[in-house]
1. Go through region 138-165 and report how many residues are part of a loop (DSSP other than H, G, I, E, B) and in contact with a strand residue (DSSP E or B) (Cβ under 9 Å, 6 or more places away or on another chain).
2. Restricting the search to region 70-91, which residues are of a type in the set (Ser, Thr, Tyr) and touching a strand residue (DSSP E or B) at 6+ places or on another chain (Cβ under 7 Å)?
3. If you check THR54, THR50, THR92, THR96, which single one turns out to be in contact with an Asp or Glu (Cβ under 6 Å, 6 or more places away or on another chain), of a type outside the set (Lys, Arg) and in contact (Cβ under 8 Å) with a residue 60 or more places away in the chain?
4. Name the single residue, out of those in region 46-79 being farther than 15 Å from LEU13 by Cα and in contact with a Phe, Trp or Tyr (Cβ under 6 Å, 6 or more places away or on another chain), that is modelled with the highest pLDDT.
5. Return the only residue of LEU29, LEU9, LEU13 being closer than 14 Å to THR96 by Cα, out of contact with any Leu (no Cβ under 7 Å at 6 or more places or on another chain) and surrounded by 15 or more Cβ atoms within 10 Å (Cβ to Cβ).
6. Could you go through region 64-86 and let me know if any residue there is surrounded by 12 or more Cβ atoms within 10 Å (Cβ to Cβ), within 29 Å of ALA130 (Cβ to Cβ) and of a type in the set (Gly, Ala, Ser).
7. For region 1-101, list the helices (runs of 4 or more DSSP H) that sit wholly inside it and hold at least 3 residues that are among the polar types (S, T, N, Q); which are they?
8. For LYS15, indicate whether it is within 16 Å of the chain's Cα centre (by Cα) and basic (Lys, Arg).
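The values are calculated or read from the model by the stated rules, or taken from the named source; none is laboratory data. Source: prediction; values computed, not measured. Here the Cβ positions follow ideal geometry from the backbone for every residue, glycine too, while neighbour counts run over all protein chains shown.
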Amino acid sequence: MKEDRKEFLLDILEKVKDPEVPVLSIMDLGIVRDVEWVEEAEDKGFWNITITPTYSGCPAMDMISTQIRMTLYAAGIHSFKINTILSPAWTTEWMTASGKEKLRAYGIAPPHPLPKHYADTQFSDPGPVACPRCQSKHTHLISEFGSTACKALYQCDDCKEPFDYFKCH
């Protein structure tokens, strides 16, 4: 019974979209770290929802928390708490494969897998970044920051289109 309720809640959270990349849900991004039912008394309790921002200080987190609240209220769920945790820090490894494919289809190059020794290489060149439009790997970095801090701006040398790359971290 608890698992059914949890699946129901997770399905509801799937409807909450990232305000900066609206094709992605907070579930696609891996922002939702945990969902658990906390019993307070017989048949009384609340959902404890734990989220982690993609960046500490991410300006979208207030909007995401508000959207979670509005979506849960609209679904008739009123007993919940939202906790934001910063540790462990969010990583692109928490994104779903479906989310990465949605990014590509939307025109944003998805993050590469993290290198094995990430701590030593987190600010290094990610290597060839494939253009999400023509799939060419003949691309170059224009700016370390794209439309948001979590993206870098690239340009394809073949089709000449600029595009965002969702930086791995």
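1. Residues flagged as part of a loop (DSSP other than H, G, I, E, B) and in contact with a strand residue (DSSP E or B) (Cβ under 9 Å, 6 or more places away or on another chain) within region 138-165 amount to 10.
2. Of region 70-91, the ones of a type in the set (Ser, Thr, Tyr) are 71, 73, 79, 84, 87, 91.
Once the filter is applied, which keeps residues that are of a type in the set (Ser, Thr, Tyr) and touching a strand residue (DSSP E or B) at 6+ places or on another chain (Cβ under 7 Å), region 70-91 yields SER79, THR84.
3. Values: THR54 fails: in contact with an Asp or Glu (Cβ under 6 Å, 6 or more places away or on another chain); THR50 fails: in contact (Cβ under 8 Å) with a residue 60 or more places away in the chain; THR92 fails: in contact with an Asp or Glu (Cβ under 6 Å, 6 or more places away or on another chain).
THR96 is the lone residue from the list that is in contact with an Asp or Glu (Cβ under 6 Å, 6 or more places away or on another chain), of a type outside the set (Lys, Arg) and in contact (Cβ under 8 Å) with a residue 60 or more places away in the chain.
4. In this case the residue turns out to be PHE46.
5. On the way: LEU9 fails: closer than 14 Å to THR96 by Cα; LEU13 fails: closer than 14 Å to THR96 by Cα.
Step by step, each of LEU29, LEU9, LEU13 is checked, and only LEU29 is closer than 14 Å to THR96 by Cα, out of contact with any Leu (no Cβ under 7 Å at 6 or more places or on another chain) and surrounded by 15 or more Cβ atoms within 10 Å (Cβ to Cβ).
6. Within region 64-86, none of the residues are surrounded by 12 or more Cβ atoms within 10 Å (Cβ to Cβ), within 29 Å of ALA130 (Cβ to Cβ) and of a type in the set (Gly, Ala, Ser).
7. Details: elements: 2-13, 26-29, 61-74.
Output list reads 61-74.
8. Values: within 16 Å of the chain's Cα centre (by Cα): yes; basic (Lys, Arg): yes.
Criteria met by LYS15.
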